[in-house]
Structure formats: C-alpha cells, structure tokens
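One structure is given below, encoded as structure tokens.
The values are calculated or read from the model by the stated rules, or taken from the named source; none is laboratory data. The structure displayed is predicted, hence computed values, not measured ones. Ideal geometry is used to build each Cβ from the backbone, glycine not excepted, and the neighbour counts take in all protein chains shown.
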Amino acid sequence: MVALHEYSTKKTRDILDENAQLKRSVKELTVLNDLARTIGAMHNPEKIMKKILHRSLDAVEAEQGVITLVNTDATDTMKTFLREMVSSARNHPIHLHQNLLGWMQINKRPLLINDPRLDSRFRGVQWDHYIDSLLCAPLIAKSKLIGILTIYNKRDGPHFTESDQRLLSIIGAQSAQVLENARLYEEEQTLFRIQHELEVAANIQSVLLPDKPPRIEGYDVAGKNITAQWVGGDYYDYIPIDTKRWAMCIGDVAGKGLSAALLMANLQATLRSQTPLANSPKDCIERSNQLLVNCTASDRFVTCFYGVLDHHEHSFTYCNAGHDPPLLLKNELMHLKADDLVLGTFADLTYSQKTIPVDPGNILVMYSDGVTESKNKHDEEFGFDRLSKFITMHRYLPAERMTDAIINEVCSYSGGCPQADDITVVVMKRVA
C-alpha cells in the first residue's frame, strides 16, 4: 500500500513537472513566434532592437536590458546604438562592460552569471552595485558577431535559470540575421539616396559645361570632359565677349568628387561674371582670383588657363594660372607655360599675360592633368611627350575628331585601369 502511494505521488510529480515543462515550452514558442512575426516585417534596426529587448525582458522576467552593436571602427571597439530599459526600482543607466564584450568576442556563446562578484571568469572586474545577475546572448550573422543582447537582474527571483539562458540564446540566434538584414537594407537605401543625389548633381554639372562648341568664322573648336566619378572638378568653357572676341578657358579644381564639383561651379560662375567686365585676360584672372580667395577654403585651389581669341586680328591673349601648359602647334610645338600661381590661394596677386598670333593651320590644345597623368598597368604615366607626339601626328584631324582621338588614346593607354582623375581636352584650330 505504501509502495503504491509512493508510486502515485511520484507519478503525480512527474505529470506536474511535465505540465510545467509543457507550459514553459508553449510560452517559449509563443514568444519566439510572436517575435519572429513582428520583427520579420520591420526594416528599421532601432525599432527591431526595441522589440527584441521588450520581448526578451518579458520572456525571462528581467528588470533591464541593452543591445550593443559591435562597431568595427578601431578607435571605438563598440558603439551602443540603443539603450532600452523597463521600469524597475533600480532604473540605473546601463552599458555593456568591456570585459563582457571581450569574453563574448572570444567565445561567441551565451553567458549566465548569477553572482558576478564571485565569478572566477571575471576576477578583478568592478561591477556596478545594482547588478545582481545577468544573461548575455551573442547576435551572430554569417559567423560574425554583430552585437550582444544583455539582460540584467531577475525580476521576481534571485537567479536566472538555464531555461532563461536557453530561451535568450534562441532569441539572439533568431534575431541576429533579421537585425543584420535590416541594417543592410538601411545602408542600401542610403546608398540609393546618395546615388540619386549624385545623378542629379551630375546632370546639373553637365549643364554648366558647353553643350556645343562656338561657331567662329575661320576657326574650328571642340571640347570634351570625362569625369572620374559621378561629378568632377574639371572645367572648360567658351564665353562670347563681343562680335570679334571669344574667351576660352580650362580649369582643374584640386581634389575630386562633390567638393571639387562645387568649387568648379563657383569657378564657372566667377569667370562668366567677370569676363564681360574685364579689360583683358589679366584683369579677368585677377578679379576672379580675388573672388575665389574670399569664398574658398585655404586648402582648396584652382589651376586655370584663360585666353581671349580675337578672330578679326587673329591673335590670342592668355594667362596661365598654374595650369598644365597647353600646346600650340605652329611649325613646331610651343608650350604655353604657367607663369603665375593658382587661383584661390592668395589675395591681391598680380598676373601676367601674353599675346601670340594665330596663323592658318595653327592648333591650340588645352588639357587637364588627367590626360598626361593617366597610368597604364605598369604604373607608367601617359606623359607630356606622348601627348605632344600624338598631336603632331594627327594635326590634320578636325577639332572634334582630334579631341576624341586624344581621349581614346589616353583610355587605350590605360588599358582598362580605373580612371584616377577627370579628363578634359579642348582643341582650337585656325582653318587653313
């Protein structure tokens, strides 16, 4: 009889234990299914982390929690993007201890500590006085630790259990890839926005450059620009002055990308505004330099070759402010070298100018350093000599065809190597 009673009692305990385990399992499945359904439809990492924290605190009945995303920046080994806490009697600010971060980066597995001050794995660590127990679960996506989910202090008891640890571990494993996908989605959307803005900027910049060459009696003119990035810092222009004169210029802003493009737009506006007011190329460049100095950062500057063609007198008067020397092909090649400093560095500079005759058959080739400094797979530059020989050999080509031929030759020389700098070529020929 006694044996039967003991058997019945044991059976009852087993049934109660099984029922309790079944209830825990049902609760865990409910938590996991609800979390998966909720965060699976989200794309905002911050909202996903908030939802993970709230469900984790409820699931293991904890007071506080934090998700720390691991940052790959060497100067900041971790960065907490979110700190979320439930109401509790001890509502202290919390953060992930550096020792916990180091342990998790090495071990990448759940961690249960019910008495931090006596834990042999963290001897010497000064824990905050309000921390009695904690659970950590790694957030791992594609074998990479992307973050850590940490829960502090059991709400209705002194210790977390192994069941709590197992559940938090499953939550971490379930959430990590969703969180990483959301982060990647957010980055992708940011890149799309940046790309759209760059496309708009490129379209705006294309309007700043001439859409077609000027028609000048007795002359053949053409120009072309190829940017290394979406937008560039090279500039060329033809500006009418009166019935017998045209200003022609080419410029190169220090740097590449958006910052260079903004200064290039400033250069275009400056030269176009000053050309009608100036008495000479020298006057125009001096005025423009003063304006650029007043609105340009000290580490920014512009090289510029600016000349005025008098197509009645067949003369060309120019200033070279630090730009690569254009080539003038007469009976032999002449280099219109830079005699003065670049624009935008020092105020009140005095610039010089020179006047040369333009005879029938003469060719003036203006270019940016993206031409001569273009490199091949052996890291060898296209160079000034190669450009000079190419112009001499193709001197009978019309201006547009010569412009295209020079650019094609440079691109062919680079042999598919990435274009490191903007390429700009302007050709002016006096028709024989």
Restricting the range 318-344 to residues that are assigned to a strand (DSSP E or B) and surrounded by 19 or more Cβ atoms within 10 Å (Cβ to Cβ), the one modelled with the lowest pLDDT turns out to be Asp340
In the range 314-353, anything closer than 15 Å to Asn289 by Cβ, out of contact with any Asp or Glu (no Cβ under 7 Å at 6 or more places or on another chain) and aromatic (Phe, Trp, Tyr) is listed as Phe346
Given the condition farther than 16 Å from Ala62 by Cβ and in a helix (DSSP H, G or I), answer yes or no: does some residue in the range 121-132 qualify? yes
Residue pairs qualifying under the 6 Å Cβ cut-off, at least six apart or on distinct chains, with the first in the range 191-207 being assigned to a helix (DSSP H, G or I) and the second being aliphatic (A, V, I, L, M), are Ala201/Val231; Ala202/Val231; Gln205/Val231; Gln205/Ala261
Of the residues in the range 278-290, those that are out of contact with any helix residue (DSSP H, G or I) (no Cβ under 6 Å at 6 or more places or on another chain) and either in a strand (DSSP E or B) or buried (at least 24 other Cβ atoms within 10 Å of the Cβ) (or both) come to Pro281, Ile285, Asn289
Ser298 vs (1) in a loop (DSSP other than H, G, I, E, B); (2) of a type in the set (Ser, Thr, Tyr); (3) touching a Phe, Trp or Tyr at 6+ places or on another chain (Cβ under 7 Å): all pass except (3)
| Quick check: is even one residue across the range 399-422 of a type in the set (Phe, Trp, Tyr) and more than 18 Å from Lys282 (Cα to Cα)? | yes
The condition of being of a type outside the set (Ser, Thr, Tyr), crowded, with 21+ Cβ neighbours inside 10 Å and assigned to a helix (DSSP H, G or I) holds, among Val293, Val308, Val371, only for Val371
The residue that is nearest to the chain's Cα centre (by Cα), considering only those in the range 389-403 that are surrounded by 16 or more Cβ atoms within 10 Å (Cβ to Cβ) and assigned to a helix (DSSP H, G or I), is Thr403
If we take the range 219-277, then strands (runs of 3 or more DSSP E) inside it with 3 or more residues that are under 16 Å from Cys304 (Cβ atoms) are 234-242, 245-253
- Query: Do we have Gln195 as under 30 Å from Gln268 (Cα atoms), out of contact with any Leu (no Cβ under 9 Å at 6 or more places or on another chain), modelled with pLDDT under 85 and not assigned by TED's automatic domain parsing to the domain that holds Ala228 here?
  - Reply: yes
Among (1) free of Cβ contacts under 8 Å to residues at least 40 places away in the same chain; (2) over 30 Å from His314 (Cα atoms), Val178 falls short only on (1)
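For (1) touching a strand residue (DSSP E or B) at 6+ places or on another chain (Cβ under 8 Å); (2) surrounded by fewer than 18 Cβ atoms within 10 Å (Cβ to Cβ); (3) at pLDDT 85 or above, each residue gets a yes or a no:
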site	(1), (2), (3)
Tyr130	yes, yes, no
Ser133	yes, no, yes
Leu168	yes, no, yes
Ala201	no, yes, no
Gln205	no, no, no
Problem - Meets criteria (under 24 Å from Val253 (Cα atoms) and touching a Pro at 6+ places or on another chain (Cβ under 7 Å)) for Leu387 - result: no
The correct count of residues that are surrounded by 14 or more Cβ atoms within 10 Å (Cβ to Cβ) and at pLDDT below 90 in the range 378-388 is 0
Just a yes or no: is a residue in the range 334-346 small (Gly, Ala, Ser), more than 20 Å from Asn266 (Cα to Cα) and assigned by TED's automatic domain parsing to the domain that holds Thr243?
-> yes
If we ask which residues in the range 286-314 are touching a strand residue (DSSP E or B) at 6+ places or on another chain (Cβ under 7 Å) and closer than 22 Å to Val358 by Cα, their number turns out to be 9
Selection from the range 404-415 of residues under 27 Å from the mean Cα position of the chain (by Cα) and either in contact (Cβ under 8 Å) with a residue 60 or more places away in the chain or within 20 Å of Lys256 (Cα to Cα) (or both) yields Cys411, Ser414
Counted residues in the range 223-235 being surrounded by fewer than 22 Cβ atoms within 10 Å (Cβ to Cβ), under 15 Å from Val371 (Cβ atoms), of a type outside the set (Val, Ile, Thr) and out of contact with any Phe, Trp or Tyr (no Cβ under 9 Å at 6 or more places or on another chain) come to 1
Per the list (1) under 13 Å from Ile48 (Cα atoms); (2) modelled with pLDDT under 85, residue check on Leu149 breaks on (2)
